[in-house]
There are 2 protein chains.
Amino acid sequence: MLEPERILRLEDDRVVFLDQRRLPLEEAEVACSSAAEVADAIRTMVVRGAPAIGIAAAYGYALAAARGEDLEAADAVLRASRPTAVNLAWALAEMRADPSAAHARAIHRDEVERCRQMAAHAAELMAPGTRALTHCNAGGLATGGYGSAVGALVSAWERELLEHVWVDETRPLLQGARLTAWELEAAGIPHAVIADSAAASLMAAGEVDCVVIGADRIAANGDTANKIGTYGLAVLAHHHGVPFYVVAPTSTVDPGTATGDDIPIEERDPAELTARFPARNPAFDVTPAELITAIVTERGVHYEPFEESLAAEGAAA
Amino acid sequence: MLEPERILRLEDDRVVFLDQRRLPLEEAEVACSSAAEVADAIRTMVVRGAPAIGIAAAYGYALAAARGEDLEAADAVLRASRPTAVNLAWALAEMRADPSAAHARAIHRDEVERCRQMAAHAAELMAPGTRALTHCNAGGLATGGYGSAVGALVSAWERELLEHVWVDETRPLLQGARLTAWELEAAGIPHAVIADSAAASLMAAGEVDCVVIGADRIAANGDTANKIGTYGLAVLAHHHGVPFYVVAPTSTVDPGTATGDDIPIEERDPAELTARFPARNPAFDVTPAELITAIVTERGVHYEPFEESLAAEGAAA
């Protein structure tokens, strides 16, 4: 397993990231010496994945506090680095109460522990011989360690329930083909990368038993924002009678966002697709709650109506 | 408009292709001096698109006849170059009756003329202000001139019915982002390239009025093989109430193939997706007839039940 401090860590005077843009070709690190530099690392996707960017923001804030930076400015620059994931705002709210390095490290440790818990719950949903399909990277790289959706696959593999994983390559930035495949290889789990557009015919052929994904923000009613392409997968899974599971920590649930309509969707540089022709490049989409079979958090498995179940969890948190 | 002889042509002692692998960066040509070299050009996708590879096979066969090659061997090597499109077999059957250069050129001319006819029929299906979505390249490059699905868009644009085209980039070989965008730019039609996985959320947002695609083989019952990702688009279009149109010449209809289950699906080199990890790379998928709103050929618009309508057309041909 990828050690949490290899993915990101706070040192005395800097935050150090494994540069996810260069994987799997190279395991290079990027060091940031201010909150603004950490925000840049988030924006340029040195680090990505909703829980991981929450942890990155916590480390950036702790670094700013240690350096005597203006904490209001640090909060603003970190918060603005990416708009869709709610974990950024969640982690910064946590850090305002206690901006210490120890607190930031505790947030990191807790996120990884939550992954282990949700992965165990999610694995229980899988039958022996499961061939799962996943999209983007909801692995240790995305959560600061262990992973949410990929954590669920690792847990299912350890329980001998998982046979194979179809990995959507995940255009345009290929987080599936670069990062998820790399993590599954390290875990020894049989897998094959596919074009995102090949998922439908694999489902039609009966070669997909469930779809397992992470989340960037879950609205109060269960509507879920995740990497572009997730919504289409949910429609396809519904059409083919394939269960569709969202695996994410409670830090991704946003009780302040009523429905998916209220989630801001980041539009990224069209040049990520093509620099030669006009292009449109939304980074996320929203899957309505009715297409989701279950949402799995560290506290357990939630079924519709998600609103009550998720709210009860928040109250207990 | 891209001139047919720029896309492919028969010269005295060779067949010359515009190298579609190098577009849009470079307009280079590849010359083939035997049927085997033409088969290589088809296999390696110097030329692609079901009608265009039919024309290429006709030229290859005529070249073999002019050179005094063994015509049975020429037929076999050309036929085996790609398995899914039926146009290869159709064109070779035509050429066996008359292997002359004039006949091959007539096949080319006829395919382009059929495109103009089917495009006019398909444009009539579109209302003013249409925002269409297309996948892969069913343009002049794919048909030897004018285009089937892209021809329909050009015809709708000329009639002032078309507002905008969403172009699926079409992984792994990016025929949309490289070839269709290039053709639409040349025609002056507003367009934007999208990740294949972004189509679903554009449909959910009401930004897609119809899907228009070509075909590699249409079975007798209307089941349609086309570039991987087409079937998923059809499911998504159905879910969102978006019309789904197939535009293809009768040379793509195969009365000898009863249903989509009988269409061989080419599996291409996984390295087209990733050379680093295991991958699965089917080049095509099959869309069942019940997800297709209409099939448009040079003879007109066909609705369900396609079996009778397509068979009647074959009889009239």
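The values are calculated or read from the model by the stated rules, or taken from the named source; none is laboratory data. All values reported here derive from a predicted model rather than from experimental measurement. Here the Cβ is made from the backbone with ideal geometry for all residues, glycine too, and neighbour counts use every protein chain on show. For accessibility, only protein heavy atoms count, side chains too; no ligands or nucleic acids. Shrake-Rupley method; radii C 1.70, N 1.55, O 1.52, S 1.80 Å.
Details
- Taking label positions 7 Å along the Cα-Cβ direction at both A:GLU185 and B:ALA275, the computed distance is 1.3 nm, reported to one decimal.
- Among B:VAL211, B:VAL235, B:VAL47, residue whose mean-square fluctuation peaks in a GNM of chain B (springs only between Cα atoms under 10 Å): B:VAL235
- Farthest positive-ward along the protein assembly as shown dipole, Cα basis, beta-carbon charges - from A:ALA102, A:LEU236, B:THR252: A:ALA102
- Computed over protein heavy atoms with a 1.4 Å probe, the carbon and sulfur contribution to the accessible area of chain A reaches 49%.
- Using a probe of 1.4 angstrom and keeping all protein chains present, the accessible surface of the protein assembly as shown works out to 34 square angstrom per residue.
- Global size of chain A as Cα Rg and Dmax, reported in angstrom: 18.2, 59
- Set of segment A:196-219 residues, backbone N closer than 18 Å to the point 7 Å along the Cα-Cβ line of B:ASP261: A:201-207
- The heavy atoms of A:SER33 present about 50 square angstrom of accessible area, all protein chains included, probe 1.4 Å.
- Area of A:ASP98 that stays accessible when all protein chains are in place (1.4 Å probe, Å², to 10): 60 Å²
- Full-stretch length increase - B:THR44, B:ARG96 - with 0.36 nm per residue and alpha-carbon distance subtracted: 16.3 nm
- Here r is the Cβ-Cβ distance between B:GLU163 and B:ALA106 and R0 is 41 Å; the resulting FRET efficiency, rounded to 0.05, is 0.65.
- The calculated 222 nm mean residue ellipticity attributable to helices in the protein assembly as shown amounts to -11500 deg cm²/dmol, summing -39500 (n - 2.57) over DSSP H runs of n ≥ 4 and dividing by all residues.
- Under a model in which nothing but the beta-carbon of Lys, Arg (+1) and Asp, Glu (-1) is charged, segment B:26-122 shows a dipole of about 300 debye around its Cα centre.
- Between the C-alpha center of segment B:57-121 and that of segment A:85-101 there is a gap of 67 Å.
- Principal-axis tilt of helix A:230-240 within chain A, Cα atoms, nearest 10 degrees: 20 degrees
- The amide H of A:ASN226, built 1.01 Å from its N in the peptide plane, has A:ASP216, A:ASP285, A:THR287 as neighbours under 5 Å, considering only residues 5 or more places off or on other chains.
- Using every pair of distinct Cα positions in the protein assembly as shown, the Kirkwood expression returns a hydrodynamic radius of 25.6 angstrom.
- Accessible surface of B:ARG96 - all protein chains present, 1.4 Å probe, nearest 10 Å²: 120 Å²
- Listed residues A:LEU202, A:LEU233, A:LEU78, most fluctuating in chain A (Gaussian network, C-alpha, under 10 Å): A:LEU202
- Threshold 30 Å² - residues in segment A:248-293 whose accessible area is reduced by that much or more when the chain is no longer isolated, probe 1.4 Å: A:LEU273, A:ARG276, A:PHE277, A:PRO278, A:ARG280
- Under-5 Å amide H pairs with A:GLY144, H placed in peptide plane, nonlocal only: A:ALA52
- Sequence-ordered 3J(HN,Hα) estimates for segment B:199-209 from the Karplus curve with 6.51, -1.76 and 1.60 and θ = phi - 60° stand at 4, 4, 6, 5, 5, 4, 7, x, 9, 10, 8 Hz, glycine and proline given as x.
- GNM flexibility winner over chain A from A:ALA283, A:ALA156, A:ALA198 (Cα, springs under 10 Å): A:ALA198
- Buried accessible surface for the A/B pair, both sides summed and rounded to the nearest 100, is 3200 Å² with a 1.4 Å probe.
- Phi-based couplings in Hz for segment B:288-295 (Karplus 6.51, -1.76, 1.60; Gly and Pro marked x): x, 3, 5, 9, 9, 6, 7, 10
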